[in-house]
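Trainee: Okay, here's the structure, questions in a sec.
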Amino acid sequence: MSELITCAVFDGANLISADFTAASGESVSFRNAVADGMAMSEANCPSADFSGASLMGFTAERAEFIGAKFNRAKLEGGVMTEANIDRADFTGATMLHTVNFDFAHMLQTAVGMNLRVPPNGR
């Protein structure tokens, strides 16, 4: 896709299998969206809000989600390898233990009690 989506609002949208690969935009909102299978690899979306979204099977390899919110999001089977999720908030997110966070940057990331950090994560 490689689109500029700054401040776009996708709240409650049906984004199943949507392709946001390499998209770029600050403060994009996906609150309560149904985005199972959405592709966001190499996207750069700091401060994005995925609160309450269904992101099962979501792929975001090498994505930049610094300061993003994933509160109460459903993340079963997601892939965030090598993603930068520093200062992101996953509080209340479900199925975090099934997400592949290998080599992800997770400094000051809030995960609550429902995540096992991979031994090779940073």
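Trainee: Going residue by residue through region 6-22, is there one that turns out to be at pLDDT 95 or above, assigned to a loop (DSSP other than H, G, I, E, B), farther than 23 Å from T98 by Cα and in contact with an Asp or Glu (Cβ under 6 Å, 6 or more places away or on another chain)? Please lay out each step first, then the result.
Mentor: We begin by selecting, within region 6-22, every residue at pLDDT 95 or above; these are 9-22.
When the remaining residues are screened for being assigned to a loop (DSSP other than H, G, I, E, B), the result is 10-13, 15-18, 20-22.
Checking the rest, the ones that are also farther than 23 Å from T98 by Cα come to 10-13, 22.
Subset that is in contact with an Asp or Glu (Cβ under 6 Å, 6 or more places away or on another chain): 22.
Checking region 6-22: at least one residue is at pLDDT 95 or above, assigned to a loop (DSSP other than H, G, I, E, B), farther than 23 Å from T98 by Cα and in contact with an Asp or Glu (Cβ under 6 Å, 6 or more places away or on another chain).
Trainee: A follow-up question, please. Hey, any hits in region 59-73 for a residue that's assigned to a loop (DSSP other than H, G, I, E, B) and touching a residue at least 24 places away in the same chain (Cβ under 8 Å)?
Mentor: no
Trainee: Taking the residues in region 87-114 that are in a helix (DSSP H, G or I) and more than 19 Å from R31 (Cβ to Cβ) as candidates, determine which candidate is modelled with the highest pLDDT.
Mentor: Restricting to residues being in a helix (DSSP H, G or I) and more than 19 Å from R31 (Cβ to Cβ), the top hit is T98.
Trainee: In region 89-115, what residues are surrounded by 19 or more Cβ atoms within 10 Å (Cβ to Cβ) and within 23 Å of I16 (Cα to Cα)?
Mentor: Once the filter is applied, which keeps residues that are surrounded by 19 or more Cβ atoms within 10 Å (Cβ to Cβ) and within 23 Å of I16 (Cα to Cα), region 89-115 yields D89, F90, A93, L96, V99, F101.
Trainee: Continuing with this model, one more query. Looking at (1) crowded, with 19+ Cβ neighbours inside 10 Å; (2) of a type outside the set (S, T, Y); (3) over 21 Å from V111 (Cα atoms); (4) under 12 Å from the mean Cα position of the chain (by Cα), can you tell me which one E42 breaks?
Mentor: Of the numbered conditions (1) crowded, with 19+ Cβ neighbours inside 10 Å; (2) of a type outside the set (S, T, Y); (3) over 21 Å from V111 (Cα atoms); (4) under 12 Å from the mean Cα position of the chain (by Cα), the odd one out for E42 is (1).
Trainee: Let me ask you something else. Just checking, which of F58, F30 is among the aromatic types (F, W, Y), surrounded by 22 or more Cβ atoms within 10 Å (Cβ to Cβ) and farther than 17 Å from V111 by Cβ?
Mentor: Selected residue: F30, the only one of F58, F30 that is among the aromatic types (F, W, Y), surrounded by 22 or more Cβ atoms within 10 Å (Cβ to Cβ) and farther than 17 Å from V111 by Cβ.
Trainee: Here's a follow-up. What are the residues in region 23-32 that are under 19 Å from E64 (Cβ atoms) and part of a loop (DSSP other than H, G, I, E, B), if any?
Mentor: A23, G25, E26, S27, V28, F30
Trainee: Another question, if that's okay. Check region 68-87 and report whether any residue there is crowded, with 18+ Cβ neighbours inside 10 Å and in contact with a Cys (Cβ under 8 Å, 6 or more places away or on another chain).
Mentor: The answer is yes; a qualifying residue exists.
The values are calculated or read from the model by the stated rules, or taken from the named source; none is laboratory data. No experiment lies behind these values; they were computed from the predicted model shown. A quick note on method: Cβ atoms are made from the backbone with ideal geometry, for glycine too, and the neighbour counts reach across all protein chains shown.
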